[in-house]
Amino acid sequence: MTEWLGLPALATAHGGQIDSLIGWIHIFMLVLFVGWLGFFLYCLVRYRRSRQPVADYTGVRSHASNYGEIAVAVVEAILLVGFSIPLWAARVDHIPAESEALVVEVTGEQFAWNIHYAGRDGKFGRTDLKFLDVQSNSLGLDRDDPAGKDDVTTMNQLYLPLDKPIIVKLRSKDVIHSFGVPEFRVKQDAVPGLTIPIWFIPNVTTADMRTRTGNAEFEYEIACAQLCGLGHAKMRGFVTVVTPDEFQKWLDEKSTEQNAPDPFR
Ligand SMILES: [Cu+2]
């Protein structure tokens, strides 16, 4: 229904609602635009100098324009109260239970996205500044913490299973970044000092999207949507949506690989 807007392909369960809201706003604004433009043209002709040589300081006596204004305000109130606020509440207030979702911590930094999975136990390992190493441990994960033994971290590579609620807990190490994935209809600032949850259900795998768009190299891209410094333009991450089985396999492999005993310790 909203193809005429030319939005990016849609790949989440809630995205249709966002698109239809955007569609309705465009329709109402088009009506307003045409209405006001028509009124403007009418005034230009009706009050032209040859027809209205002397200014009338009283102006209109009918209430037609008041009714017009009221109608516009009512339509805007309906947009806000009837559509936007309920949709906003559904996105922000009703976050699914963590037990039914996949929780991923995503931490922005200049200029990359750090991704952290809890691993099989579902518990995130402890992080501490003293373990932080820009090269090898950019989240400061304590690998000796039992909860962290199976954790998986990646940089700029977010793997997600299909059709499962995903809760992304957004953080930032330095300045304000913004996590935006256009196909997911998701965009949220990452603010230093805050942990902000967002959630969505991806419903098209990367492979399906490649077939659908006819682009064999298609990737979902996490674009940092806040100008965050000189390297902002190269702050790109990639989301790969796979089937739940493929996801589990990937996570297990990474977990084994990243938590192999260190021969030098
Ligand atoms: Cu950024």
For the peptides 103-110, 92-99, what is the packing order when you average, over each peptide's residues, the other Cβ atoms within 10 Å and list the highest mean first? 103-110, 92-99
The stretch 1-48-the stretch 196-260 distance, computed between alpha-carbon centres (Å): 32 Å
To make sure I understand the rule: partners must be lysines, Cα under 27 Å from the Cα of Lys130, and not fewer than 8 residues away in the same chain. Which ones qualify? Lys149, Lys169, Lys173, Lys254
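Nearest 5 is fine: what % of DSSP beta bridges in the stretch 132-265 come out antiparallel, could you say?
Values: 17 of 22 bridges.
Percentage antiparallel, nearest 5: 75.
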Can you pull the percent of the stretch 208-265's accessible area that's carbon plus sulfur, 1.4 Å probe, other chains left in place? 53 percent
Taking 1 over the mean of 1/r across every pair of different Cα atoms in the stretch 133-245, what Kirkwood radius in Å do you get? 15.6 Å
Percent relative contact order of the stretch 60-212, based on C-alpha pairs within less than 8 angstrom and at least six residues apart? 22 percent
Measuring from its Cα centre, the stretch 36-150 shows a charge dipole (+1 at each Lys and Arg Cβ, -1 at each Asp and Glu Cβ) which, in debye to the nearest 20, is 1220 debye
P(r), alpha carbons of the stretch 179-261 - 5 Å bins starting at zero, rounded %: 3, 12, 16, 19, 18, 17, 11, 3, 0
Once Lys and Arg get +1 and Asp and Glu get -1 on their Cβ, which of Ile85, Leu158, Thr206 lies farthest toward the positive end of the dipole of the chain? Ile85
Over the chain, consider all pairs of different Cα atoms and compute the Kirkwood hydrodynamic radius from their mean reciprocal separation; express it in Å, one decimal. 22.0 Å
Give me the distance between the Cα centres of the stretch 92-140 and the stretch 147-182, rounded to whole Å. 6 Å
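Which whole-number percent is the relative contact order of the chain (Cα, under 8 Å, 6+ apart)? Spell out each step's value before the answer.
Details: 401 pairs, mean separation 53.3, N = 265.
In percent, rounded to a whole number, it is 20.
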Give me the one-decimal Kirkwood hydrodynamic radius in Å for the stretch 11-149, with the sum taken over alpha-carbon pairs. 21.4 Å
I'd like the per residue volume of the convex hull spanned by the Cα atoms of the stretch 25-74, given in cubic angstrom. 75 Å³
The stretch 1-57 - Rg over Rh from alpha carbon coordinates, Kirkwood radius: 1.37
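With a 1.4 Å probe and every protein chain kept in, tell me what percent of the accessible surface of the stretch 98-187 is carbon plus sulfur.
Numbers: 1990 of 4050 Å².
Here it works out to 49 percent.
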Cross-link partners among aspartates and glutamates for Lys164, C-alpha distance below 14 Å, same-chain residues fewer than 8 apart left out? Glu98, Glu100, Asp245, Glu246
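Would you mind calculating the relative contact order of the stretch 140-247 from Cα pairs under 8 angstrom and at least 6 residues apart, reporting the percent as a whole number?
Numbers: 184 pairs, mean separation 35.6, N = 108.
In percent, rounded to a whole number, it is 33.
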Would you be so kind as to identify which of Val191, Ala216, Gln135 lies farthest towards the positive end of the dipole of the stretch 88-217, taking Lys and Arg as +1 and Asp and Glu as -1 on Cβ and the Cα centre as origin? Ala216
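Calculate, for the stretch 1-143, the solvent-accessible area per residue in square angstrom, rolling a 1.4 angstrom probe over the heavy atoms of the protein chains. Don't skip to the end; give the middle numbers.
Working: 9630 Å² over 143 residues.
Spelled out: the 1.4 Å probe surface of the stretch 1-143, per residue, equals 67 Å².
The values are calculated or read from the model by the stated rules, or taken from the named source; none is laboratory data. Just so it is clear, the model here is predicted, and its values are computed rather than measured. Glycine also receives a Cβ, built like all others from the backbone with ideal geometry; neighbour counts cover every protein chain displayed. Note: areas computed on protein heavy atoms with side chains; ligands, DNA, RNA excluded. Shrake-Rupley method; radii C 1.70, N 1.55, O 1.52, S 1.80 Å.
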